[in-house]
Structures are given as structure tokens and as C-alpha cells.
Amino acid sequence: MCLLKSSIFAVQASSKASQDDQLGSRVSVAHSDILAIEEQSRLIGSVIWKRVEQLQKHSMRGLIRSVIDNTWLYYWLRSLRNRLLAGPRTKGGASRGSLPSPPEVIKQNTVREYASRYGLRTLVETGTYLGDMVEASRGFFERIYTIELSQELAARATKRFTGATNVQVLQGDSGEVVADLVKLLHEPALFWLDAHYSAGITAKGEVDTPILKELSAILAGAPNHILLIDDARCFGSDPAYPTIEEVTRLVRACQPHRHLVVENDIIRITPEIGAV
Ligand SMILES: C[S@@+](CC[C@H](N)C(=O)[O-])C[C@H]1O[C@@H](n2cnc3c(N)ncnc32)[C@H](O)[C@@H]1O
């Protein structure tokens with residue numbers, strides 16, 4: 001009985017020793033796990049800290065900008081911001097004139113409509129800004145020349161239309177550049193005259209709008225170009241712009257048989273009477 005008791009005790013003692021061993025090894029495994037977790041936390045912590053330092057250095061705005069700069073999203077956000085800053089339906093900066101401008105899509109459709117009505121394959125735009133008119137028109141013309149005074153905007157448009165072989169961005173004052181360009185045109189072209197200072201990032205030449213210089217240069221050339229002048233509401237209401245009468249006088253002095261009509265904020269100058 002006593003022997004039995006002692007052997008039971010021996011078995012219990014040996015099983016306790018083996019439990020202690022297992023517990024000891026479990027404790028040492030748990031300890032090494034904790035060390036590994038601590039090491040991983042340190043690594044994660046240092047990665048997060050480096051990122052925070054990077055964000056502080058470049059700022060969140062710069063980081064976002066570097067990701068989306070010169071993508072369609074960038075231009076869309078930019079034109080949305082400008083539209084919001086400019087007030088209702090005005091592109092390229094601050095609102096001008098007393099009336100709001102019609103939506104840009106109406107203007108883009110008018111350009112296409114006139115191109116198809118007169119069978120025109122060349123578009124000349126003055127005032128590129130972000131290139132939205134070019135983007136909307138480039139599938140409809142064989143050649144597009146767009147003239148922008150701002151070096152920065154011209155460089156951006158050049159980048160935006162890299163690969164669009166029918167688009168040429170010309171940097172300079174459209175009053176002068178257009179005079180050289182008309183001499184190179186071998187067929188009637190559609191002119192979208194939209195160069196003007198418009199606050200924000202837009203450029204300003206000698207005058208707010210080079211429209212009279214542009215008209216003189218274009219009308220001194222071939223008699224069959226079609227001219228569309230944007231922002232008709234500003235002519236006569238904004239002191240920086242000539243009146244519609246002044247424009248009409250200049251047009252008739254250069255080409256007496258021209259027809260001129262205003263519709264949807266666009267002055268439309270066509271070769272024949274009653275064409276619109
Ligand atoms: C209203 S934005 C043009 C918008 C563009 N045509 C469109 O439909 O998206 C006017 C642009 O004309 C440019 N500009 C101002 N004066 C100019 C000049 N003398 N020659 C060429 N561009 C000029 C401005 O920098 C601005 O980008």
C-alpha cells in the first residue's frame with residue numbers, strides 16, 4: 001500500500017516535472033514570440049514615421065498633385081475649381097459681362113455645327129486655356145491650331161495633346177501669331193476667337209482682349225474664313241471690349257459683304273448675307 005502510494009507519488013512527481021518542462025518551453029516560446037512582435041512593431045513604427053516625415057516635407061497637397069498632375073482628373077478638377085471661383089458658366093477665370101455665359105457644350109456644338117455647315121477641316125482657336133475646346137473638337141478637324149499667350153498654359157496644352165498629331169499649340173500673342181498663321185492657310189478655316197485676360201492663371205497681353213487686332217489680321221486675308229467670337233455679352237458691357245457696332249464697322253471696312261449675327265453669346269461672321 002505504502003509502495004503503491006510512493007509509486008503513485010513518483011508518477012505524479014515525474015508528470016509534474018514534465019508539465020513544468022512543457023510550461024517552461026511554452027514560456028520561452030511565448031517570450032520569443034513577444035520579442036518578434038516587438039521587433040515587427042518597431043519596424044512598422046519606423047515605416048509609418050518615415051511616411052509621416054515625407055508627408056510633412058511635401059505636404060498632402062503636393063503629394064496628391066504629383067499623382068494626378070496632367071491627367072484628365074487634374075484638368076477636370078481644375079476647370080471645376082475655376083468654374084466655381086468664376087461664378088456661373090464662365091470659363092478661364094473671373095466672370096465678365098453682365099449676363100452669364102451659356103454652357104461650354106453649347107459653344108463646342110456650335111463650333112462643330114459651323115465646321116460641318118461650311119465643310120471646314122481646319123480650326124484656329126485663340127486663347128487655349130486648358131485646351132477644353134481643342135479636346136472637344138479634335139475628332140472633328142484635320143488640323144487644329146490653338147494660340148495661347150501664357151507660357152505655362154501653352155506648355156500644359158502641348159503636354160496634354162502630345163500624341164494628337166492634328167493639334168498644334170502655338171505660344172504667343174494671338175494678335176500677332178494669327179497674322180502669320182493666316183498666310184499659311186491654303187483653305188477656308190473656322191476661327192474660334194476666345195483670347196482674353198480672365199483673371200486667375202490666365203495671361204494678359206498689352207490689352208485685355210486682342211480681338212480687334214485678330215479681326216484685322218484675319219479679314220486682311222482670304223474672304224471665306226468663318227469667324228466665331230466668344231463672349232458676345234462682354235462687347236459693349238465691359239469697358240475692356242469694343243462694342244458690337246465697332247466690330248461690325250471693322251468687319252465691313254475690311255470685307256463689305258460679310259454677314260454678322262449674335263446668338264448664344266457668340267458673334268458669328270460668315271461670308272454671305274443671311275447665312276445663319
Ligand atoms: C477664356 S480662356 C480660353 C478658353 C478656351 N478657348 C476654351 O474654350 O476652353 C482665355 C485664354 O486666353 C489667353 N489669352 C489672353 N490674352 C491673350 C493673347 N493676347 N493671346 C493669346 N492668348 C491670350 C488667356 O491666358 C486664357 O488662357
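The values are calculated or read from the model by the stated rules, or taken from the named source; none is laboratory data. Predicted model only: the values in this text are computed from it and were never measured. Cβ placement follows ideal geometry from the backbone for every residue including glycine, while neighbour counts extend to all protein chains displayed.
Data for the structure
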item	result
Tally of residues being of a type in the set (Asp, Glu), more than 6 Å from the ligand (Cβ to nearest atom) and surrounded by 15 or more Cβ atoms within 10 Å (Cβ to Cβ) across segment 191-209	1
Pick from segment 135-174, criterion among the hydroxyl-bearing types (Ser, Thr, Tyr) and assigned to a strand (DSSP E or B), ranking: farthest from the ligand (Cβ to nearest atom)	145
Any chance residue 183 is in a helix (DSSP H, G or I) and among the basic types (Lys, Arg)	yes
Of all residues in segment 147-190 being among the hydroxyl-bearing types (Ser, Thr, Tyr) and more than 18 Å from the chain's Cα centre (by Cα), the one that is surrounded by the fewest Cβ atoms within 10 Å (Cβ to Cβ)	165
Check on residue 113, within 14 Å of the ligand (Cβ to nearest atom) and either assigned by TED's automatic domain parsing to the domain that holds residue 266 or more than 28 Å from residue 271 (Cα to Cα) (or both)	no
Per-region count, segment 157-190, residues touching a Ser or Thr at 6+ places or on another chain (Cβ under 9 Å) and in contact (Cβ under 8 Å) with a residue 60 or more places away in the chain	5
